[in-house]
Amino acid sequence: MQFRLLLLPLLLLPLAFAACGGSSPHERQAKKIDSLAGDLVEVLEGIQDADSAQAAKGKLQKMAERLAKAIKEGNEMGEPSAEAQKAIEKKYIGPDSNTSRIGKEMQRVALIPGAAEALEEVSKAMLQSL
């Protein structure tokens, strides 16, 4: 189970790349994805033990569904220009990006006794919706 949690951000990152185009609609979608990812990170940061993971479960489920929907919408937009893609990658992709922060937080939560088990359904829902 913990291994699945660690893989989740790696699955989100390529999808975020695909959604991050350069034209105005692509940039708006990239910003939306970044914002939703940031919201998800905030909830993950609040998980300190199995009880807080259980309490966050419902909120994480809803957020994961919204993020997956936004990524899907971005994927359906088609390819942006190369110049626009570079601009979006510079702004929304990198080690300090919200998608990267999801990975770091999921790794941290996976190491908390009882927390990974409490979030198993959420991670499954995220993987299935992508």
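Every number in this text was worked out from the coordinates using simple rules, so none of it is lab data. Worth saying up front: this structure is predicted, and the values here are computed from it rather than measured. All Cβ positions, even for glycine, are placed from backbone atoms using ideal geometry, and neighbour counts span all protein chains on display.
In table form, for the structure just shown:
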{"read-out": "The one condition in (1) surrounded by 14 or more Cβ atoms within 10 Å (Cβ to Cβ); (2) within 21 Å of Pro25 (Cα to Cα) that Glu76 fails to fulfil", "value": "(1)"}
{"read-out": "Some residue of segment 116-123 being in a helix (DSSP H, G or I) and either polar (S, T, N, Q) or under 25 Å from Glu27 (Cβ atoms) (or both)", "value": "yes"}
{"read-out": "Residue tally, condition farther than 15 Å from Gly38 by Cα and not basic (Lys, Arg), over segment 69-100", "value": "16"}
